[in-house]
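No lab work stands behind these numbers, since they all come straight from the coordinates. Note that this is a predicted model, so its numbers are computed, not measured. Because the Cβ atoms are built from the backbone with ideal geometry, glycine has one as well, and the counts that use them run over all protein chains shown.
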Ligand code: KET
């Protein structure tokens, strides 16, 4: 038999985030904890399907008038309208003026990819500035879509806060018209967001230079527990009448991870431009995956269009956000109790699903080896994967990593 025609294929490394789960699954230790991927777990360490989601699914199953026909290329129309309202606000003038086009995409990742492919084909500037650091998939998505990726300063390890001056300097130096990727809230991995005042300064600078904002909104509702508060950054940029893109994910805030449900919106100057943009988004989507899946979007639309179900969702969402916040406090208290050297107040100051611990690669690999704690090598831990039961074990591991590694 001749050698495989693929014999030359080099084994690729595991994904830096999803690969953590692969390693975790192989570990037979009873004390192992997976704090890698940003996925919500209950106090019992179990994945959570929201009650309101179960209820919506039941309604969909019971509705025998529902069929499995293809959706249109742009997805479920109700879902798109409701998603735009969710992020831009129910009374958004941009929506009323019909200058927003929204297409259903494969969760946040697919929305970013479709948006990026559209920009690579139809926007004059191909450079996108992304924060340093950012979600590890961002540079790959944008590069493969045909954009050229550059970084702007974002996080200052010394203060464990925002490098606001660095950010302003780098955006000032960017070529006019460049695209800028902004995390709408709950910045991943740092948990550091600009204040409203800082957002306003970023907005002014970007508009004065004609920089194009591309929002990644993967955590609406997860930062503060309030959907409107977490969309404020986006709404500030829409309120000034300028254009922008927004990629939404329902993975975290509705717990629909594997359903792959999200939306891309492009806010345009007028309705005529918006409808032409939409026609070109269809040209991006059709040869990529033809049209999106029906189930997840139907769940979201069912919940968003019913006042009572919407309210029920916000209560469940707030409970998830609150549990994460309480994990922050418990971990911080546990570090204090152990007298671990260093200032750990960033654990309670950071926002969203993750704590960017400041632990280095060696310390992380020590914790995995000795304590079976699984997390990304940049020192990020998913607070949503913690519980009161596992906090002491994590604090022991962090204490040992800090005091026993160089
Ligand atoms: N944007 C950001 C900032 C983000 O953290 C994620 C997922 C996504 C988009 C895409 O999520 P989607 O499931 O496509 O809607 N982040 C977590 C999961 C992952 O890496 O895929 C994470 O950082 O753990």
Over all Cα pairs of region 235-313, the Kirkwood radius sets Rh, and Rg/Rh then becomes 1.02
Rounded if a/c under 1.5, otherwise prolate or oblate - region 274-363, Cα gyration tensor axes: oblate
When the chain is treated as a Gaussian network with springs between alpha carbons less than 10 Å apart, the largest mean-square fluctuation among 144, 304, 119 is found at 144
Let me see the pair-distance distribution of region 16-76: every alpha carbon pair, 10 Å bin width, integer percents in order. 16, 29, 22, 26, 7
Using the Kirkwood radius over Cα pairs, work out the Stokes-Einstein diffusion coefficient for region 56-117 at 25 °C and 0.890 mPa s, in µm²/s as a whole number. 181 µm²/s
By average Cβ neighbour count within 10 Å, what is the ranking of 185-194, 280-289 from highest down? 185-194, 280-289
Region 70-305: relative contact order in percent, alpha carbon pairs under 8 Å with at least 6 residues between: 31 percent
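Express in % the proportion of alpha carbon pairs of region 70-305 at distances exceeding 21 Å.
Values: 14509 of 27730 pairs.
That fraction is 52 percent.
For region 1-149, compute Rh as the Kirkwood radius over C-alpha pairs and then the Stokes-Einstein diffusion coefficient at 25 °C and 0.890 mPa s; write the answer in µm²/s, rounded to an integer.
Details: Rh = 20.3 Å.
Stokes-Einstein gives a translational diffusion coefficient of 121 µm²/s.
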Take every DSSP beta bridge with both residues inside the chain and express the antiparallel ones as a percent of the total, to the nearest 5. 50 percent
In the chain, if every C-alpha pair distance is counted and binned at 20 Å from zero, what percent goes to each bin? 26, 56, 17, 0
Distance between region 339-354 and region 43-96 - C-alpha centres, whole angstrom: 35 Å
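How high is the relative contact order of the chain? Use alpha-carbon pairs under 8 Å, at least six apart in sequence, and give a whole percent. List each step's numbers first, then the result.
Working: 735 pairs, mean separation 101.3, N = 406.
In percent, rounded to a whole number, it is 25.
Arranged by the count of other C-beta atoms within 10 angstrom, fewest first, what order do 371, 250 take? It would help to have the intermediate numbers written out before the result.
On the way: 371 19, 250 28.
In increasing order of surrounding Cβ atoms, one gets 371, 250.
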Where only C-alpha atoms are counted, convex hull volume of region 215-352 per residue in Å³: 148 Å³
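Looking at the square roots a ≥ b ≥ c of the eigenvalues of the Cα gyration tensor of region 183-276, which shape do they give, rounded for a/c under 1.5, prolate if a/b is larger than b/c, or oblate?
Working: a/c = 2.27, a/b = 1.22, b/c = 1.86.
It comes out oblate by the Cα gyration axes.
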Project the alpha carbons of region 330-393 onto their principal axes and report the range along each, largest first, in whole Å. 25, 25, 24
Nearest 10, in degrees from 0 to 90: the angle of helix 361-371 to the longest Cα principal axis of the chain is 60 degrees
For region 205-259, what is the convex hull volume of the alpha-carbon atoms per residue, in Å³? 79 Å³
Among 327, 59, 353, the residue with the largest mean-square fluctuation in a Gaussian network model of the chain built from Cα contacts under 10 Å is 59
Rounded to the nearest 10 degrees, the helix 391-404 long axis (Cα) sits at an angle to the longest Cα principal axis of the chain of 70 degrees
Can you give me the angle between helix 307-338 and the longest principal axis of the chain, using Cα atoms only, in degrees from 0 to 90, rounded to the nearest 10? 30 degrees
Within the set 347, 196, 381, GNM on the chain using Cα springs under 10 Å gives the largest fluctuation to 196
Note to self, the chain gives a 222 nm [θ] from helices alone (DSSP H runs n ≥ 4, -39500 (n - 2.57) apiece, / all residues, nearest 500) of -14000 deg cm²/dmol
